[in-house]
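Below is one structure; the comments refer to it alone.
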Amino acid sequence: MALLEIRNLKKSFRAPDGSITTVVEIPAFDLEARQRVALSGASGSGKTTFLNLIAGILVPDLGSVVLDGVDLATAKEAARDRIRAVSIGYIFQTFNLLQGYTCLENVLLGMSFGPGSDRGRAEELLRRVGLGDRLRHYPRQLSTGQQQRVAVARALANRPKLVLADEPTGNLDHRAGLESLALIREACTESGAALLLVSHDREVLAQFDDRRDLLALNRAAHAQEVAS
């Protein structure tokens with residue numbers, strides 16, 4: 001059984017004028033434990049929506065999202081929150097760091113939603129990402145690349161089985177972006193986590209042997225409709 005199994009997934013949104021746009025419509029998508037996959041797609045193609053469906057932040061209109069044997073599509077909100085805290089590490093494009101808290105506190109807060117805060121592990125993770133001398137710095141006192149490193153440490157804090165990375169290099173310059181990507185891949189390998197990364201950057205996508213295209217996945221749904 002795959003770590004992540006998605007079947008007949010569909011998500012639509014209603015515009016202010018009442019029209020409905022289907023953003024995600026994917027017949028099947030699987031991810032094995034420890035597997036690393038890069039998902040490509042242009043801006044506005046539904047990449048973030050797809051990740052949010054996997055994370056249980058959004059609930060699909062139809063279909064199933066089974067993570068480690070639990071269907072997030074039918075689970076209650078409290079159960080989705082618990083699974084996300086324990087089994088998923090999410091690296092947001094905008095980092096989503098709490099500005100009023102230090103680097104260490106941001107990681108500890110991420111831990112508090114899972115098994116519980118572990119100061120020793122939080123400090124170790126920040127040292128591993130090169131921020132051992134920035135534990136008590138606030139996000140505003142860090143460079144963009146350093147903020148990304150805090151986000152990586154926070155995502156790995158609860159030893160997740162799956163790491164989701166949404167355009168993790170999108171706000172970084174070229175050199176910092178490649179360094180961040182290498183860090184994410186290395187950290188997932190060390191922790192044994194599967195990685196699903198979405199990006200529109202060809203150089204980032206080229207770093208992965210397993211690359212999939214969101215538009216092609218959605219096209220598969222439309223092809224099935226035509227065939228039926």
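Which strands (runs of 3 or more DSSP E) sit wholly inside segment 1-62 and have at least 1 residues that are surrounded by 17 or more Cβ atoms within 10 Å (Cβ to Cβ) and of a type in the set (D, E)?
Result: 4-14, 20-31.
Under 8 Å between Cβ atoms, at least 6 apart or on separate chains: pull out the pairs that start in segment 36-57 with a residue that is under 20 Å from R80 (Cβ atoms) and end on any residue that is outside any helix (DSSP H, G or I) and among the polar types (S, T, N, Q).
Cβ pairs passing all conditions: T48/Q93.
Considering every residue within segment 93-104, establish whether at least one is within 28 Å of L39 (Cα to Cα), touching a Gly at 6+ places or on another chain (Cβ under 8 Å) and either modelled with pLDDT under 95 or among the β-branched types (V, I, T) (or both).
Checked against the condition, which is being within 28 Å of L39 (Cα to Cα), touching a Gly at 6+ places or on another chain (Cβ under 8 Å) and either modelled with pLDDT under 95 or among the β-branched types (V, I, T) (or both), segment 93-104 yields at least one hit.
For segment 107-116, indicate whether the set of residues that are in a helix (DSSP H, G or I), at pLDDT below 90 and of a type in the set (S, T, Y) is non-empty.
Scanning segment 107-116, I find at least one residue that is in a helix (DSSP H, G or I), at pLDDT below 90 and of a type in the set (S, T, Y), so the answer is yes.
Could we say that V150 is in contact (Cβ under 8 Å) with a residue 12 or more places away in the chain, assigned to a helix (DSSP H, G or I) and among the β-branched types (V, I, T) here?
Here the answer is yes, as V150 does meet what is asked.
Return the residues of segment 1-25 that are closer than 21 Å to Q93 by Cβ and over 17 Å from the mean Cα position of the chain (by Cα); say none if nothing qualifies.
K11, F13, V23, listed by residue number.
For A73, all conditions in the list (1) outside any loop (DSSP other than H, G, I, E, B); (2) touching a Gly at 6+ places or on another chain (Cβ under 7 Å) hold save one; what is the number of the exception?
A73 satisfies every listed condition except (1).
The values are calculated or read from the model by the stated rules, or taken from the named source; none is laboratory data. A quick note: this is a predicted structure, and the numbers were derived from the prediction, not measured. We place every Cβ from the backbone using ideal geometry, glycine too, and count neighbours over all the protein chains shown.
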